[in-house]
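Right, one structure below, let's go through it.
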Amino acid sequence: MKMLRNTWITLILATLCMPVSGAEAPPESAEGIKQRIGQGDPAAGKTKAESELCQGCHGDDGNSTVIGVPKLAGQYAGYLIKQLQDFRSLSRRNRIMNAMAEGLGDADLADIGAYFASQTRSKNAESAPNQVAKDLFLYGDVNRSLDSCVSCHDLNGKGRISAGVTYPAIAAQTKGYLRLQLLNFKIGVRTNSPQGVMNKVADALTEEEIVALAEYLSGL
């Protein structure tokens, strides 16, 4: 009964928060922007990002155009900091990023995170309508105990901070990167989400659903 009740709550909240077709998301509040940027110095972070050659892959303002390389613009600084810490400690593996993060101190991580968080994420081309992906995003799948994407990543996939956990912005991310990371979570190459939640989610998804979700999310 509890699972059924939680499912109905998720369905009701998702329906109430469902974006209106063709409507722009409301502008982020000043408090929301402050929360996104965190405690770092964006101006110092820009200089540090340039010296570390971050822009070479991720774009001058964090809007990557390279296949498989994520957009950092508009991401929560706290999430970026955690990923860089994980790269630095080798709890997340990527040959290039492990080497890049190795020499960065905590203040560097905060500043670089603040810089990219302060930038505006560019839109991708709208994806073709996909009801399967949209339903997974909004409602999940109770038959597989699969939570909806919005339950963590919030309305329109813009991310949020809740109970000390930063859930990343996934809307308008590059679809190649989204697909790669979901596959990495599915097969256990990547294991650094809190309590392994993304491994559980991705394990329940078929490869066809992963492709569809990556396409859908990239177009939000």
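Only the coordinates and a few stated rules stand behind these numbers; no lab work does. Only a predicted model underlies this, so the values are computations on that prediction, with no experimental measurement involved. Here Cβ is always computed from backbone atoms with ideal geometry, including for glycine, and neighbour counts include all displayed protein chains.
For the structure I just gave you, tell me whether Ser145 is of a type in the set (Ser, Thr, Tyr) and closer than 22 Å to Ala77 by Cβ. Considered against the rule, which asks whether it is of a type in the set (Ser, Thr, Tyr) and closer than 22 Å to Ala77 by Cβ, Ser145 comes out as no. Within region 182-196, if we keep just the residues that are free of Cβ contacts under 8 Å to residues at least 24 places away in the same chain and under 14 Å from the mean Cα position of the chain (by Cα), the residue that is surrounded by the most Cβ atoms within 10 Å (Cβ to Cβ) turns out to be Phe185.
Check whether at least one residue in region 121-134 is within 10 Å of Tyr216 (Cβ to Cβ) and crowded, with 17+ Cβ neighbours inside 10 Å, and report yes or no. Looking through region 121-134, at least one residue is within 10 Å of Tyr216 (Cβ to Cβ) and crowded, with 17+ Cβ neighbours inside 10 Å.
Each residue in region 133-146 was checked for being within 20 Å of the chain's Cα centre (by Cα) and part of a helix (DSSP H, G or I), and 7 pass.
The set of residues in region 155-180 being free of Cβ contacts under 8 Å to residues at least 60 places away in the same chain and over 13 Å from Lys71 (Cα atoms) consists of Arg160, Ser162, Ala163, Gly164, Val165, Arg179. Yes or no: region 197-215 includes at least one residue that is within 13 Å of the chain's Cα centre (by Cα) and among the polar types (S, T, N, Q). No, that holds for no residue.
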